[in-house]
1. Report, to the nearest 10°, how far helix 511-533 tilts away from the longest principal axis of the Cα atoms in the chain, using its own Cα long axis and a range of 0 to 90°.
2. Antiparallel DSSP bridges in the chain: what percent, to the nearest 5?
3. For helix 172-184, what angle does its Cα long axis make with the longest principal axis of the chain, in degrees from 0 to 90 and rounded to 10?
4. Cut-off 13 Å, label point 7 angstrom out along Cα-to-Cβ of Thr548: give me the residues of region 20-61 whose amide nitrogen falls inside.
5. With each label point set 7 Å from Cα along the Cα-Cβ vector, what nm distance links His86 and His150?
6. Just to check I understand the Karplus step: with θ = phi - 60° and J = 6.51 cos²θ - 1.76 cosθ + 1.60, what whole-Hz values come out for region 213-218, glycine and proline as x?
7. How do 510-519, 88-97 rank on mean C-beta neighbours within 10 Å, highest first?
8. Quote the FRET efficiency, to the nearest 0.05, computed for Arg448 versus Val379 with a Förster distance R0 of 22 Å and r equal to the Cβ-Cβ distance.
Amino acid sequence: MTQPPSTIPAIQAAPRTTSSPNPIFWTGERSELVYDEPGIRARLLELDRPCYAIRMDDHLEFANSGSIVAGPTPPGYSYPLAAIAHAMLIGDLGDPGFRRTYGVRYAYIAGSMANAIASVDMIIALGRSGYLAAFGAAGLTPGRIDDAIHLLQSALPNGPFAVNVIHNHNEPILERKVVELLLQRGVRVVESSAFLGLTDNIVQYRLAGLKVSPAGDVLAENKLIAKLSRKEVAVKFMEPAPLKLVQQLLSEGRITEEQARLSQSLPLADDVTVEADSGGHTDNRPLISLLPSMIALRNEVQAKYQYRTPIRVGAAGGIATPAAVLGAFNMGAAYVLTGSINQACVEAGASDHTKKLLGKAAMTDVIMAPSADMFEMGVKVQVLKAGTLFPMRASKLFELYNKYDSVEAIPPEEREKVEQQIFRRSIDEVWADTQKFFAERDPEQITRANANPKKKMGLIFRWYLGLSSRWSNTGEPSREMDYQIWCGPAMGAFNDWVRGSYLEETSNRLVTDVAFQLLNGAAYLQRAQSLRFQGVELPQSLFHYTPTPLEG
């Protein structure tokens, strides 16, 4: 027997508390055993092979090869087995049903980021590598969305990809046009987001894909993944479509009688993504509390309706490190969804300046600021505060909106500050641009604004909030301090994790690399934790996974 050098601390295992009548032994080649930290890490990283912890007289050694035999003591080189970490491939993480439903290799989604930050290039790269990703259609015109769908269907004719449908409180007509476009183009997977309740549009998308299979089963060709953070909203997506909306859609000819009948046979959504503290629209809730609560709600709904295929519950918000991915899976998540961290990747539709700011962000470099789409309601989004004055300037606009009933009522000195420091142009010029914008998008907005000074003020202020995110994406020169960059604390956690590795530089952050490293790290940590749970006292350094470049 070879003893570890005195400079290498011996790995210990908890003593056996009981003796087994059928002890288990490891038998194999002595040369395969290691006891130093690099050797143990290498054994744990071979995810497709079991890692054996073998009990020597006063320490443990580790191997990926050999075999285990139940007593009595086998002949040849053999020692008692202390623990085993079974093979754990990254494709084994999460719910197999999720992978089958969407035709993917991994239980992982790259979530939609508005204004095509989740770009066509990003979705194609991930789809070709076996991941599901959602195109960031929010904020785009139907024409631009149509162009993106054409590219996605050409590159991924059999999927996988999804397109986002965001709830549009101020422009319900636009929301309907987007859903009608998706149905016309045969888009089979939608990720819904920011819904405060159900709309006829999102219900139509789901029900318009219902049919009966030759075997008599109800099939939903249109898959719906609902991203949300509130139980009162979640239950609406977990239950069958409300009969009132079903009847409305039927009377308007937007679904068939058969689809109306089948609507009560299955939930509105196939999957519910629990969105914890995240970038953009968020309730800032902790995942460790929110996810179990949503899973319990799903179980209550399943007990009531007895769906043939239960709703799956995924985890989003704060998913930025292998430990977070593993924690989500171990809490029962069927899949994980990433958001903020993808915005700093090469394929993201954001400017280089924005990506560099994100690549330096700490977890504390985020703040809540007024949102563009629901500005008048006081809804806020989480954004980056480091390197931009947008949060402060947007908050100033909301303060003025709350205080005054029209732009004319704003004191001259305040109006001058808005025009010179925030807009950099006169309010009259901003209103002219706003009218032109909505003339093509939703003319009814202008009609209502002309009859309501408060509404007009809201549209004028939303001009700045809407353009600020576009400036961030296009890299508008001289507007860097106005960039609106949606970001959650996950970005800082990711930067902490990859510091010192090849992923520290944003120019190296390919979105497929990021996805792989997160899942690979989670599988590695699962194996290390498995040994710990069996009493193996591994060094703390082995519970950190460092991303290394992929070969080839």
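Bear in mind that the values in this text are calculations on the coordinates, not laboratory data. Just so you know, these numbers come straight off a predicted model, no measurement behind them. Glycine also receives a Cβ, built like all others from the backbone with ideal geometry; neighbour counts cover every protein chain displayed.
1. Approximately 40 degrees, to the nearest 10.
2. 55 percent
3. So the helix axis and the longest Cα principal axis differ by about 60 degrees.
4. Taking a point 7 Å out along Cα→Cβ of Thr548, the residues of region 20-61 whose backbone N falls under 13 Å are 38-47.
5. So the two model labels end up 5.0 nm from each other.
6. Listing the rounded values in order: 6, x, 7, x, 8, 7 Hz.
7. Values: 510-519: 23.2, 88-97: 18.0.
Order by mean packing, descending: 510-519, 88-97.
8. Working: r = 19 Å, r/R0 = 0.87.
Efficiency computed from Cβ-Cβ geometry: 0.70.
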